[in-house]
Amino acid sequence: MFDPTIFENLKVALENQLYDLDNIDGLIRIIGRDDRLEMSVMSREFAIRFELAGRPEVCAEIRLEASLADLSAEILEIEEARPGCRLKIGFGMNVTEAETECGEIERILKTIWPDIPLVQTLTRVYGDADRGYENKAELRFQRKIDEEQMGDLPELIQYVLRSLAELCERSS
């Protein structure tokens, strides 16, 4: 019988909770989903993007990644290995005054996620300075997660929703 991997179990748990917030509760709107097997390195990646209902100015992305080493250690039941998944949470939004707004975004996210490293990446199309920059603010969790953190997913999602709400208020 097929025994799902840590990656599969976490992916399904995240999907179920987020689709319930979209389809049943109407709190969010899912705007994108990726589920990839990277053949060149035999890794797995899952990402789901969403925004607060009626608030498209900021979107969130929750990303799970599992390497070949993690997947094979789990499937082959290598005792000394500690398989798991990498977790990244990103927020995408436009900024026009990068120095001021990025500082405010950092303050908001560091208040909610004080111990998680934050990286903000700004991009824009050359010649289109009037539109400002696309800011991707990404929280990169340092340790891998596994099924022991399954019970933490509802709280994690609540933190993402709070982050979305505060980032949307910043841009209002």
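Listed by first and then second residue, the pairs with beta-carbon distance under 8 Å, at least 6 apart or on different chains, first residue in segment 97-112 and under 12 Å from Leu139 (Cβ atoms), second in a helix (DSSP H, G or I) and open to solvent by 90 Å² or more (accessible area, probe 1.4 Å), are Ile112/Arg162. Number of residues in segment 50-70 that are part of a strand (DSSP E or B) and either touching a residue at least 40 places away in the same chain (Cβ under 8 Å) or open to solvent by less than 60 Å² (accessible area, probe 1.4 Å) (or both): the value is 14. Of all residues in segment 150-172, those that are open to solvent by less than 60 Å² (accessible area, probe 1.4 Å) and modelled with pLDDT under 95 total 3.
Residue check: is Asp3 open to solvent by less than 70 Å² (accessible area, probe 1.4 Å), at pLDDT below 95 and of a type in the set (Asp, Glu)? For Asp3, the condition - open to solvent by less than 70 Å² (accessible area, probe 1.4 Å), at pLDDT below 95 and of a type in the set (Asp, Glu) - is not met. When segment 71-97 is filtered for residues that are open to solvent by less than 20 Å² (accessible area, probe 1.4 Å) and either among the basic types (Lys, Arg) or in contact with a Gly (Cβ under 9 Å, 6 or more places away or on another chain) (or both), only Val95 remains. On the stretch given as segment 121-152, residues that are assigned to a strand (DSSP E or B) and without any contact (Cβ under 8 Å) to a residue 60 or more places away in the chain total 11. A search for C-beta distances below 7 Å between a residue of segment 153-168 that is over 22 Å from Asn135 (Cα atoms) and any residue that is assigned to a helix (DSSP H, G or I) and open to solvent by 10 Å² or more (accessible area, probe 1.4 Å), counting only pairs 6+ apart in sequence or on different chains, returns Leu153/Ala13; Leu153/Gln17; Pro154/Gln17. Considering only residues that are open to solvent by 70 Å² or more (accessible area, probe 1.4 Å) and touching a residue at least 12 places away in the same chain (Cβ under 8 Å), look in segment 22-43 and name the one that is farthest from Ser67 (Cα to Cα). Residue satisfying both the conditions and the ranking: Leu27.
The values are calculated or read from the model by the stated rules, or taken from the named source; none is laboratory data. Keep in mind it's a predicted model, so treat the numbers as computed, not measured. Virtual Cβ from ideal backbone geometry, glycine too; neighbours counted across all protein chains shown. The accessibility values were calculated without ligands, DNA or RNA, using every heavy atom of the protein model including side chains. Shrake-Rupley method; radii C 1.70, N 1.55, O 1.52, S 1.80 Å.
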